[in-house]
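Enquirer: One structure coming up, written as structure tokens, with questions to follow.
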Amino acid sequence: MTVRVLVVDDHPVVRSGLVGMLATEADLEVVGEAGDGQEAVSLAAELRPDVVLMDLRMPVLDGVGATSRIVGTGPRVLVLTTYETDADILRAVEAGATGYLLKDTPRDALVRGIRAAAQGQTVLAPTVATRLVGSVRASAERLTPREAEVLGLVAEGCSNAEAARRLFIGEATVKTHLLRAFAKLGVDDRTGAVTEARRRGWLA
């Protein structure tokens, strides 16, 4: 099966390099090129590629905006960028990108990634995968709104009983929220929890 590819990058030299590289693969066909996200959205609708190789930082409409508009219309979006910050990765994944590769990815790995993306497989550069897992783990370890609320009252000097009265919950429930907060913060008492939560910026 031939995989039809739309190459999207605002740098003409980069686009030309990618097009030339992919042209040597018998099962990959570059059906179009776009220099910004808006053009990518239009060409994706017109050309119906299997995979859109998408840069992130572009004029008119960035890669994330373009990805969110393209996903769901048929093509898979494989991000190819020089940026690997947690924010960039999460925005692209949340927008629906099938994969996220960096521009220093070896040629063979990029080609394999395009083929895998065409089949709907998740494709992540090793460093991106590590960052994504770390970010998800950090998110999972954050305090829930209720845990933060209970700890905030503790920081104000409330006892468990007073916190329970103010939140209209049982004292046992307050203790449960505190114990979970202790575990997430890696502490074993109320003072340590408040101190550590403030250090992390989770409490004012």
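The values are calculated or read from the model by the stated rules, or taken from the named source; none is laboratory data. All figures in this text were calculated on a predicted structure; none of them were measured in a lab. No Cβ is skipped: glycine too gets one built from the backbone with ideal geometry, and neighbour counts run over all protein chains shown. These area figures cover heavy atoms from the full protein model, side chains too; ligands, DNA and RNA do not enter into them. Shrake-Rupley method; radii C 1.70, N 1.55, O 1.52, S 1.80 Å.
Enquirer: Scan (1) surrounded by 15 or more Cβ atoms within 10 Å (Cβ to Cβ); (2) under 22 Å from the mean Cα position of the chain (by Cα) for the single condition D104 breaks and write down its number.
Expert: With (1) surrounded by 15 or more Cβ atoms within 10 Å (Cβ to Cβ); (2) under 22 Å from the mean Cα position of the chain (by Cα) applied to D104, the lone miss is (1).
Enquirer: Could you tell me whether any residue of the stretch 151-158 is acidic (D, E), in contact with a helix residue (DSSP H, G or I) (Cβ under 8 Å, 6 or more places away or on another chain) and either modelled with pLDDT under 90 or farther than 30 Å from R4 by Cβ (or both)? Show your work before the answer.
Expert: Of the residues in the stretch 151-158, the ones acidic (D, E) are 156.
Keeping just the survivors that are in contact with a helix residue (DSSP H, G or I) (Cβ under 8 Å, 6 or more places away or on another chain) gives none.
No - not one qualifying residue is present in the stretch 151-158.
Let's see how each residue does on (1) touching a strand residue (DSSP E or B) at 6+ places or on another chain (Cβ under 8 Å); (2) charged (D, E, K, R); (3) closer than 29 Å to T24 by Cα; (4) part of a loop (DSSP other than H, G, I, E, B):
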position	(1), (2), (3), (4)
G65	no, no, no, no
L78	yes, no, yes, no
E94	no, yes, no, no
A97	yes, no, yes, yes
D108	no, yes, yes, no
A117	yes, no, yes, no
T127	yes, no, yes, no
L132	yes, no, no, no
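Enquirer: Quick one: which of V31, V41 is assigned to a strand (DSSP E or B) and farther than 26 Å from T127 by Cα?
Expert: Exactly one of V31, V41 is assigned to a strand (DSSP E or B) and farther than 26 Å from T127 by Cα, namely V31.
Enquirer: Of the residues A34, A44, A66, only one is touching a residue at least 40 places away in the same chain (Cβ under 8 Å), crowded, with 17+ Cβ neighbours inside 10 Å and small (G, A, S); which?
Expert: Going through A34, A44, A66 in turn, just one is touching a residue at least 40 places away in the same chain (Cβ under 8 Å), crowded, with 17+ Cβ neighbours inside 10 Å and small (G, A, S): A66.
Enquirer: In the stretch 44-63, what residues are assigned to a strand (DSSP E or B) and in contact with a Lys or Arg (Cβ under 9 Å, 6 or more places away or on another chain)? Working first, answer last.
Expert: Step one: of the stretch 44-63, the residues assigned to a strand (DSSP E or B) are 51-54.
The answer is V51, V52.
Enquirer: Let me ask you something else. Mind listing just one residue for me: the one in the stretch 141-166 that is under 17 Å from G186 (Cα atoms) and in a loop (DSSP other than H, G, I, E, B) and, of those, most open to solvent (accessible area, probe 1.4 Å)?
Expert: Here the answer is R142.
Enquirer: What are the pairs with Cβ atoms under 7 angstrom where one residue, in the stretch 94-107, is within 19 Å of V13 (Cα to Cα) and the other, located anywhere, is open to solvent by 30 Å² or more (accessible area, probe 1.4 Å) and outside any loop (DSSP other than H, G, I, E, B)? Sequence gap at least six, or different chains.
Expert: Taking only residues 6 or more apart or on different chains, the pairs are R107/M21.
Enquirer: If A97 satisfies every condition in (1) surrounded by fewer than 21 Cβ atoms within 10 Å (Cβ to Cβ); (2) modelled with pLDDT of 85 or more; (3) aliphatic (A, V, I, L, M) but one, which is the exception?
Expert: (1)
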